[in-house]
Amino acid sequence: MKRLSILIAATACALLVLSAVPAGAGGAGKFDLLGPTGIAACDGSGVFSGAPGGFGFAVINAPANGTVATTVSIKGQQPNTTYNIRLIQGQADCFTFDATVTTNGQGNGTVHVSEPSVSSTAFVAVDPTTGGPNFVTATYNH
């Protein structure tokens, strides 16, 4: 019985430690696309406008190989529309288009982007090439 109590206590402590690790500290983070007028500071200090609304999400990760990567999934937007994807790591990177994705007939699209890590923060911006709603994520700290 004493061994079982010790095992339960050790497991509880391990779960507590794991739950306290912030996104980016050794793992990927999943972030809602915030819109429909998503605007964020290029330096990663925060989102100025935009709210969750089922627009999609981005998973951002900084693996140990010195890169930052994201998989962006756009949901329920304009069908057959091309979006510019930006994986932003600071002021110098703010207006660099890293990829494009064209939504299917249901308005869904997915794209993966990877680039060298040049800062300790990253977020995603999604902009249609023809005008319309734009989206950002909260900042991933790594």
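Take A69 and decide whether it is of a type in the set (G, A, S) and either closer than 11 Å to V126 by Cα or in contact with a His (Cβ under 8 Å, 6 or more places away or on another chain) (or both). Here the answer is yes, as A69 does meet what is asked. Close Cβ contacts (under 8 Å, 6 or more residues apart or on different chains) running from residues in the range 116-136 that are assigned to a strand (DSSP E or B) to residues that are surrounded by fewer than 13 Cβ atoms within 10 Å (Cβ to Cβ) and small (G, A, S) comprise P116/G66.
Kindly evaluate I88 against the criterion of being in contact with a Cys (Cβ under 7 Å, 6 or more places away or on another chain), buried (at least 17 other Cβ atoms within 10 Å of the Cβ) and either without any contact (Cβ under 8 Å) to a residue 24 or more places away in the chain or not acidic (D, E) (or both). When the stated conditions are applied, I88 passes them. Only one of the listed residues (Q106, Q78, Q89) is under 16 Å from C42 (Cα atoms) and polar (S, T, N, Q). That residue is Q89. Looking across the range 117-142, the residues that are within 16 Å of the chain's Cα centre (by Cα) and over 14 Å from I74 (Cα atoms) come down to S117, S119, S120, T121, A122, F123, A138, T139, Y140, N141, H142. All conditions but one from (1) of a type outside the set (D, E); (2) over 14 Å from F135 (Cα atoms); (3) crowded, with 16+ Cβ neighbours inside 10 Å apply to S73; the one that does not is (2). In the list G50, G105, G38, G54, which residue meets the criterion of being over 18 Å from the mean Cα position of the chain (by Cα) and at pLDDT 95 or above? Checking each option against the conditions leaves just G105. Would you pick out the residues in the range 95-142 that are of a type in the set (A, V, I, L, M, F, W, C) and either crowded, with 21+ Cβ neighbours inside 10 Å or in contact with a Cys (Cβ under 9 Å, 6 or more places away or on another chain) (or both)? Of everything in the range 95-142, those that are of a type in the set (A, V, I, L, M, F, W, C) and either crowded, with 21+ Cβ neighbours inside 10 Å or in contact with a Cys (Cβ under 9 Å, 6 or more places away or on another chain) (or both) turn out to be F95, A122, F123, V124, A125, V126, F135, V136.
The values are calculated or read from the model by the stated rules, or taken from the named source; none is laboratory data. Since this is a predicted model, take the numbers as computed values, not measurements. Positions of Cβ are backbone-derived with ideal geometry, glycine not excepted, and every protein chain shown enters the neighbour counts.
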